[in-house]
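Here's the structure, in structure tokens; my notes come after.
The values are calculated or read from the model by the stated rules, or taken from the named source; none is laboratory data. Just so it is clear, the structure is predicted and the values come from calculations on it, not from any experiment. Please note: Cβ atoms are built from the backbone with ideal geometry, for glycine as well, and neighbour counts cover all protein chains shown.
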């Protein structure tokens, strides 16, 4: 499957899962569908051997968008797509915030912001110290950068030349209550991160060629991809609206949204 | 205990390339031998305990047996959520080591008094909590947690603690270890404050009162049968800990009693009475100040015996 269709299927699953479970964060999950589609297509991961020590590691640090990770893993046959129907239901192992227990392919459980980058840094450091040739990726939200712990890792990774570490920020510019700019402005983000010693890629987070190029680029420094995205991307009435951090599609909205994806 | 820990860890690391020690920029002069001998298994992460713990988890999930090292509350409370979500939920072999448990850094002030750590760490699922009473237990606990393949918390004293005894010199996680034999009153201790009980026992022996002293080094898994036997044998039992009374050793022993129909003939919990200390001083001074010293234990023992 090409990445365009994979991203479309992720969005479709996400819409259905959050609608059925009446769960929040649909906008956050739609925002990263393209990033996940391209990343999972290019990472060294094997659904038949999800614990292979040589696999690339991916942590969704913005765990609230977990539905999108479950969706991409099901699409890649890490587990059956039918399991997606249980998302957010009583007794389900598919929690709203991504959890690894009993879910093949989920590298790490998150949900509290500001944890993933340090753990991904630990993976990258282990690869260096053990001379293992894997890459480590963490996908953060923009609001998540408010958490101080990230900046400890941002300071650490270049100091230790962890060029096998990639931090991707889903820069959709909307956080929990309002815009990032109004809440706690991150700008000038590129300059900030560059000054910490990272190789920064400022890209369109919905352009698959740009995402692939950034992921594949060889660098001598740790890589920081600022993926400029649109929260709710792909569903017109959800785009750039904070309310879809909380609401899920009702029946009519689900039909309308799925139709938009097919167009 | 600090030196005993490093000595033990260095010995293990000689034959185990997966041992990894991370410090949060502390351990001046203490960690040099380890870092020089095992540079690829050592990291000073800087003054950043949240990142330290997250990195430790990443390393542990990649096959390392990781020890995080700092003083007082920095390895525990500062990064509690990383311990909870990242280490404990993922059952990662991350062994959190705190130097200066209790009032070990008494003169440095409240920020450096680790007096709730045992309670808080005990309440986390999956982690093992160990407060060794002497250097021997420290070395054995270090060996044990390195290969337990799950998270653990080691609360250590700065000072060396060696007791003369010809009793049990064996360590097993979850067991209680008798370090002094006596006939009158039994004392359960956790951590370096065990020294207080040993000193009190010496004084009391001159007054023909003999204390039996047990180190309850493991604070989550506790041998219920062994505890029951102690309550059966002695007319009174005292628990002694340099920790808040809420949630520590005394609480654990009380819970064991109630859950297992053990009815103490006489029971006294000694610990901190839900306070922060704004008074500073040496560890000995603060123990006395908060009624955790030898004289206090002697008074409590005599009260029980007078009943």
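The rows are residues; the columns are (1) touching a residue at least 40 places away in the same chain (Cβ under 8 Å); (2) surrounded by 15 or more Cβ atoms within 10 Å (Cβ to Cβ).
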residue: B:145; (1), (2): yes, yes
residue: B:164; (1), (2): no, no
residue: B:178; (1), (2): no, yes
residue: B:212; (1), (2): no, yes
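Under the condition of being part of a strand (DSSP E or B) and within 13 Å of chain B (Cβ to nearest Cβ), the residues counted in segment A:145-166 number 1. Criterion applied to B:96, B:30, B:66 was being touching a helix residue (DSSP H, G or I) at 6+ places or on another chain (Cβ under 8 Å), more than 14 Å from chain A (Cβ to nearest Cβ), modelled with pLDDT of 95 or more and under 23 Å from residue B:191 (Cβ atoms), and the one residue passing it is B:96.
Pairing residues of segment A:32-57 that are within 14 Å of chain B (Cβ to nearest Cβ) with residues that are exposed (fewer than 13 other Cβ atoms within 10 Å of the Cβ), at Cβ distances under 9 Å and at least 6 apart in sequence or on separate chains, gives A:52/A:44; A:54/A:44; A:54/A:133; A:55/A:44; A:55/A:49; A:56/A:44.
So residue B:274 passes all but one of these: (1) farther than 25 Å from residue B:173 by Cα; (2) in contact with a strand residue (DSSP E or B) (Cβ under 7 Å, 6 or more places away or on another chain); (3) not in a loop (DSSP other than H, G, I, E, B). Which condition number does it fail? Looking at each condition in turn, residue B:274 falls short on (3). Is it true that some residue in segment A:64-85 is within 26 Å of residue A:212 (Cβ to Cβ), surrounded by fewer than 24 Cβ atoms within 10 Å (Cβ to Cβ), within 10 Å of chain B (Cβ to nearest Cβ) and touching a residue at least 40 places away in the same chain (Cβ under 8 Å)? Scanning segment A:64-85 turns up no residue that is within 26 Å of residue A:212 (Cβ to Cβ), surrounded by fewer than 24 Cβ atoms within 10 Å (Cβ to Cβ), within 10 Å of chain B (Cβ to nearest Cβ) and touching a residue at least 40 places away in the same chain (Cβ under 8 Å).
Checked against (1) touching a strand residue (DSSP E or B) at 6+ places or on another chain (Cβ under 8 Å); (2) within 14 Å of chain A (Cβ to nearest Cβ), residue B:12 passes all but condition (2). Taken as a whole, the condition of being surrounded by 24 or more Cβ atoms within 10 Å (Cβ to Cβ), more than 12 Å from chain B (Cβ to nearest Cβ), in contact with a strand residue (DSSP E or B) (Cβ under 9 Å, 6 or more places away or on another chain) and closer than 21 Å to residue A:183 by Cβ does not apply to residue A:117. Within segment A:122-130, is there a residue that is within 12 Å of chain B (Cβ to nearest Cβ), outside any loop (DSSP other than H, G, I, E, B) and under 18 Å from residue A:62 (Cβ atoms)? Within segment A:122-130, one or more residues are within 12 Å of chain B (Cβ to nearest Cβ), outside any loop (DSSP other than H, G, I, E, B) and under 18 Å from residue A:62 (Cβ atoms). Taking the criterion of being within 16 Å of residue A:42 (Cα to Cα) and assigned to a helix (DSSP H, G or I), the residues of segment A:56-78 that qualify are A:69, A:72, A:73, A:75. Checking every residue in segment B:7-16 against the condition of being at pLDDT 95 or above and within 24 Å of residue A:138 (Cα to Cα) gives zero matches. For segment A:86-97, a residue qualifies if it is free of Cβ contacts under 8 Å to residues at least 24 places away in the same chain and within 23 Å of residue A:140 (Cα to Cα), and exactly one does: A:93. Scanning segment A:98-114 for residues that are more than 10 Å from chain B (Cβ to nearest Cβ) and free of Cβ contacts under 8 Å to residues at least 60 places away in the same chain, we see that the one that is nearest to residue A:39 (Cα to Cα) is A:106. Which members of segment A:131-144 meet the condition of being outside any helix (DSSP H, G or I) and more than 8 Å from every other protein chain (Cβ to nearest Cβ)? Hits for segment A:131-144 are A:131, A:133, A:134, A:135, A:137, A:138, A:139, A:140, A:141, A:142.
When we screen B:75, B:53 for residues that are outside any strand (DSSP E or B) and either away from chain A (no Cβ under 12 Å) or under 20 Å from residue A:131 (Cα atoms) (or both), the only hit is B:75. Of the residues making up segment B:227-263, those that are closer than 25 Å to residue B:210 by Cβ, surrounded by fewer than 16 Cβ atoms within 10 Å (Cβ to Cβ) and in contact with a helix residue (DSSP H, G or I) (Cβ under 9 Å, 6 or more places away or on another chain) are B:228, B:235, B:263.
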